[in-house]
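Below is one structure, written out as structure tokens; comments come after it.
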Amino acid sequence: PQGARVWIPDSVDVWRVAEITRGYKEGDTVLHLRLEDGSVRLELCSPTGPCCLPPLCNPDCLSGADDLVALSHLHEPAVLHS
């Protein structure tokens, strides 16, 4: 959904936080994102299949949680960030 914060793969930082800036609907071929530094990024989706939506960020209050069980979304970027 528009406004959701997600983790996107990055060649330097491994994972970066981005915000979805335009609503995504099934069949879209581009995911519109804004990185934390304000730059815009477009993720191209496979023309033959659906977009693989990136993992969601946990709420700020859970950032750096000591207990991974407390995380709302448990996946590689969330574990590495914590």
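The values are calculated or read from the model by the stated rules, or taken from the named source; none is laboratory data. If you're wondering where the values come from, they're calculated on a predicted model, not measured in any experiment. As a convention, Cβ positions derive from the backbone with ideal geometry for all residues, glycine included, and neighbour counts pool all protein chains shown.
Here are the numbers:
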| item | result |
| --- | --- |
| All positions within segment 46-61 that are closer than 16 Å to PRO1 by Cα and either at pLDDT 75 or above or β-branched (Val, Ile, Thr) (or both) | LEU53, PRO54, PRO55, LEU56, CYS57 |
| Test: GLU43 is at pLDDT 90 or above and not basic (Lys, Arg) | no |
| In segment 1-29, residue surrounded by the fewest Cβ atoms within 10 Å (Cβ to Cβ) [restricted to those that are of a type in the set (S, T, N, Q) and farther than 16 Å from PRO59 by Cα] | SER11 |
